[in-house]
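Undergrad: Here it is: the structure, laid out below.
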Ligand code: GAL
């Protein structure tokens, strides 16, 4: 570990059955030895609470703590994460373990961070058992107070679903056809909260024992079931597990987006890359290894987007178990021959050189709105088109900003947006009154907004906002969406831009009636992309999904119009990201191409990766090469 520059390790994540081999009997001797050894070696510990995989004795004694799927199938033990989040049996057993661990390790000198559970919801995001049903009813009572209010929120007059008492309510289990959408939406909210209660219970124990030790739990990329805005506010720092597919050309963009989201979830504070793989995973159909230099490049990319630490799953490749073909820092074979080990050692050394970057925060003038509730509601069934997927819509508008090296934050629609010049709202289907009013105010006060189709359609109960689509934004956008016209798979419409350029639209077409807005693009004479001066700002509207180059042109115009400048002008395929404030900043240059490239440098500085002086002019970056330039010091 010292050779690889390791200074922090996560320990004990799935070791409940070792730590508590039988109910109430704890065995910490083996873990003491591990922690002592690490401490003697100068390595700090992110100690896991080990509650992500209950031991066999627990499910054997209490099979009722196992989770149940929507169709009534109970999941068996034998893998991991086999617990019902609302089970009092699981919760009290977990609490007892965490209390024992906190008590035993509170004073251990190696302990610097707590790692609660593991990837909450990864395999079992929701449970539909009777215990969960009772907990759901309690959650609903707290939300609505009266059964009348619930009936109103769920629109239960439709299909004779009116409830007379709380006892009649069940989770949206497998039904003859679509369960009530408002009920489904509430169950998604409840399920995120139920797991958060598990996290909170452990968090409380840990904070009591060690008030100054930061607590985290590892998030995942593009993970729908948990409302990470809510979750992140319960953590001391955000951490992420990131496994981009080396064979997918979109991976670099997706990893950048995940990093920007993690930084934003922590309101700009540094986050930590808790897990990545040194090379291959084992859970895709075909597990392509990382290309030479890709692990290093993507590690630096995480730091560029705000990570202050880069960690791996896993240290040593296992000999047995379901993940024995997953790469590790230390491979099965001899390390001397392993390029993976060589790369891991090099990364450790180079990350050590980045010490001055730690803690540096970034600023962005552009924010993309991202809301789990809207995501959930958008993707419930029985919509005009199931082809409108939240992440795809976000990516469609993130990509051109990423490619143009424009710094981007993510924001919740209800956030104060006044620090931004340009806000992007990709298919923001569900919006609360206050958030809608906030967006309108943002434009009124001089902001630029790019909003795409199927936004502002429903309220938080998933009820249509009446008065013409998109009711809260019609005046601001200067238009009415008279009706939706989803496009068939493969169908495209031509776009004629006001500047004479052509493009294509896919997935969706709004029937737009202009009421003050001007058409930026039409399709057979009908307006599809518009802009409207409103108050002191401008609101753009995309009534279709334009092709990539048309989207890029539109966003570039919006960016320039809002007075936002990119981080740097660099060749295509090179990503430029800045961390830190003006005159005390670090410019990350990341060459995602598999060919070398010359990058124009404006300002002298020092490349922290190798300590070399950097001069204005052209700087050569080898294939997948990186530079971190300390500027203006
Ligand atoms: C994560 C998980 C790790 C390991 C890894 C494999 O989801 O937290 O325990 O399973 O994936 O890629």
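Undergrad: So for region 44-51 (the condition being in the same structural domain as residue 314 (by TED's automatic domain parsing), within 16 Å of the ligand (Cβ to nearest atom) and surrounded by fewer than 16 Cβ atoms within 10 Å (Cβ to Cβ)), does at least one residue qualify?
TA: No, every residue in region 44-51 fails to be in the same structural domain as residue 314 (by TED's automatic domain parsing), within 16 Å of the ligand (Cβ to nearest atom) and surrounded by fewer than 16 Cβ atoms within 10 Å (Cβ to Cβ).
Undergrad: Being surrounded by 13 or more Cβ atoms within 10 Å (Cβ to Cβ), in contact with a strand residue (DSSP E or B) (Cβ under 9 Å, 6 or more places away or on another chain) and without any contact (Cβ under 8 Å) to a residue 12 or more places away in the chain is true for just one of 557, 562. Which residue is that?
TA: 557
Undergrad: Take residue 73 and decide whether it is modelled with pLDDT of 95 or more and within 30 Å of residue 353 (Cα to Cα).
TA: So residue 73 does not fit the description; no.
Undergrad: Of the conditions (1) more than 22 Å from residue 134 (Cα to Cα); (2) crowded, with 16+ Cβ neighbours inside 10 Å, residue 96 fails just one. Which one is it?
TA: Looking at each condition in turn, residue 96 falls short on (2).
Undergrad: Given the criterion touching a helix residue (DSSP H, G or I) at 6+ places or on another chain (Cβ under 8 Å) and at positive phi, identify the matching residue among 382, 452.
TA: 382
Undergrad: Hey, another quick one. Quick one: count up the residues across region 400-428 that are in a strand (DSSP E or B) and more than 18 Å from residue 259 (Cα to Cα).
TA: Summing the residues that are in a strand (DSSP E or B) and more than 18 Å from residue 259 (Cα to Cα) in region 400-428 gives 3.
Undergrad: Here is a follow-up. With the structure loaded, tell me whether residue 213 is more than 19 Å from the chain's Cα centre (by Cα), within 16 Å of the ligand (Cβ to nearest atom) and assigned by TED's automatic domain parsing to the domain that holds residue 53 or whether it fails that test.
TA: No, not satisfied.
Undergrad: Here is a follow-up. Taking the criterion of being within 16 Å of the ligand (Cβ to nearest atom), part of a helix (DSSP H, G or I) and either in contact with a strand residue (DSSP E or B) (Cβ under 9 Å, 6 or more places away or on another chain) or at pLDDT 95 or above (or both), would at least one residue in region 331-343 satisfy it?
TA: Within region 331-343, one or more residues are within 16 Å of the ligand (Cβ to nearest atom), part of a helix (DSSP H, G or I) and either in contact with a strand residue (DSSP E or B) (Cβ under 9 Å, 6 or more places away or on another chain) or at pLDDT 95 or above (or both).
Undergrad: Could you tell me whether region 478-497 includes any residue that is within 24 Å of the chain's Cα centre (by Cα) and farther than 23 Å from residue 188 by Cβ?
TA: For region 478-497, residues within 24 Å of the chain's Cα centre (by Cα) and farther than 23 Å from residue 188 by Cβ: absent.
Undergrad: Would you mind stating whether residue 72 is more than 16 Å from the ligand (Cβ to nearest atom), outside the structural domain of residue 315 (by TED's automatic domain parsing) and surrounded by fewer than 12 Cβ atoms within 10 Å (Cβ to Cβ)?
TA: When the stated conditions are applied, residue 72 passes them.
Undergrad: Here are some residues: 578, 630. Which one is surrounded by fewer than 20 Cβ atoms within 10 Å (Cβ to Cβ), at pLDDT 95 or above, within 22 Å of residue 350 (Cα to Cα) and in contact with a strand residue (DSSP E or B) (Cβ under 6 Å, 6 or more places away or on another chain)?
TA: The conditions single out 630.
Undergrad: Now for a separate question. Which of (1) assigned to a loop (DSSP other than H, G, I, E, B); (2) within 14 Å of the ligand (Cβ to nearest atom); (3) touching a residue at least 40 places away in the same chain (Cβ under 8 Å) does residue 312 not meet, given it meets every other one?
TA: With (1) assigned to a loop (DSSP other than H, G, I, E, B); (2) within 14 Å of the ligand (Cβ to nearest atom); (3) touching a residue at least 40 places away in the same chain (Cβ under 8 Å) applied to residue 312, the lone miss is (3).
Undergrad: For region 224-255, which residues satisfy the criterion of being over 17 Å from residue 413 (Cα atoms) and assigned to a helix (DSSP H, G or I)?
TA: If the condition is that a residue be over 17 Å from residue 413 (Cα atoms) and assigned to a helix (DSSP H, G or I), then 251, 252, 253, 254, 255 are the ones that fit.
Undergrad: Still on this structure: When the residues of region 1-31 are filtered to those that are part of a loop (DSSP other than H, G, I, E, B) and within 16 Å of the ligand (Cβ to nearest atom), which remaining residue is surrounded by the fewest Cβ atoms within 10 Å (Cβ to Cβ)?
TA: 14
The values are calculated or read from the model by the stated rules, or taken from the named source; none is laboratory data. Fair warning: this is a prediction, and the values are worked out from it, not measured in the lab. For neighbour counting, all protein chains shown are included, and Cβ atoms are generated from backbone atoms with ideal geometry for every residue, glycine included.
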